[in-house]
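The values are calculated or read from the model by the stated rules, or taken from the named source; none is laboratory data. It should be emphasised that the depicted structure is a prediction, and the values quoted were computed from it without experimental measurement. Cβ sites come from the backbone with ideal geometry, for glycine too, and all protein chains shown count toward neighbours. Accessible surface areas use protein heavy atoms only, side chains included; no ligands, DNA or RNA. Shrake-Rupley method; radii C 1.70, N 1.55, O 1.52, S 1.80 Å.
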Amino acid sequence: MRKNIVAGNWKMNTTVPEGVALAKEVNEALKGADKKCDVVICVPFTHLVSVADVIDQNVLGLGAENCADHKSGAYTGEVSAPMVASTGAKYVILGHSERRQYYGETAETLREKVALALENGLTPIFCIGEVLEERENGTYNEVVKAQIVDALFNLSAEDFGKLVLAYEPVWAIGTGKTATAEQAEDMHAHIRAVIAEKYGKEVADNTSILYGGSCKPSNAAELFAKPNVDGGLIGGAALKCADFMGIVNAF
Ligand code: PEP
């Protein structure tokens, strides 16, 4: 059965000492908490080794926010999936809209990244989502379907089953404008139907689909109550332990 997951995406925030302190605080808060979901923090590359040292990954999973589309070699400034895995991290966010928008990530590069992440035992948290114009002109279902088909449908059913998906309407990321619980549920049900069409109902039912976009303690419970919403990918609210825990406790 699919898991409920709350994953933090710290983006380009915190220095290493600040990040280590925040990770420790979250880890402490989770110990002994009666949590009803898996909890993960995805942190900048520079933080992975130090954060891995101070958290118990049975309590709090660790992930990166990206990885390279090559295994090794002359790619100055890049960080590969084997490097991420060697830090002890178990997850990697791939295809975040900020990476698609600012760094030109395409379905082709994402296919390579997903393959390398899986080869190295990392669980991709794969992001999809439409921009405001696509929401307003009604093409959002096709847009999201194409993102899934183009980057992921080369995978075997076994490999597809290792992914976590995150639906993040771009118009809701960092804007304070959350999708309504109904909009999220409709899209998550659509995504599950798209998966079922290709891989069958069992794979679709077992895929965790997270919602991301201005999720906070005040709206998380309503979103997570929807049958096809299996948790959240959390940006801004993951940077304060109390807010992040408020979302974790919304389950
Ligand atoms: C994100 O960037 O993945 C995200 C969901 O950000 P925020 O929660 O800040 O909207």
For THR76 and LYS31, extending 7 Å from Cα along the Cα-Cβ vector and measuring point to point gives, in nm, a value of 4.4
Whole-percent tail of the Cα-Cα distance distribution for the range 104-251, cut at 28 Å, equals 17
Just the number, please: carbon plus sulfur as a percent of the accessible area of the range 5-248, 1.4 Å probe, no ligands or DNA/RNA counted. 51
How big is the dipole moment of the range 1-100 about its Cα centre under a simple scheme where the beta carbon of each Lys and Arg is +1, that of each Asp and Glu is -1, and everything else is neutral? Debye, nearest 20, please. 360
Give the accessible surface of the chain per residue, rounded to a whole number of Å², with probe radius 1.4 Å and ligands, DNA and RNA excluded. 44
Determine, for the range 106-251, the count of lysine pairs separated by eight or more sequence positions (or lying on different chains) whose alpha-carbon distance falls under 28 Å. 22
Sticking with the crude label model, points 7 Å out along Cα→Cβ, report the distance from ALA157 to LYS198 in nm, one decimal please. 1.4
The range 5-248: D in µm²/s via Stokes-Einstein (Kirkwood Rh, Cα pairs, 37 °C, 0.692 mPa s)? 183
Over 21 Å [Cα-Cα, the range 1-126], rounded percent: 38
Using the Cα centre of the range 5-248 as the reference point, and only Cβ charges (+1 on K/R, -1 on D/E), how large is the resulting charge dipole? Debye, rounded to the nearest 20. 360
Assigning unit charges at the beta carbon (Lys, Arg +1; Asp, Glu -1) and nothing else, what dipole magnitude in debye, to the nearest 20, does the range 147-239 show about its Cα centre? 220
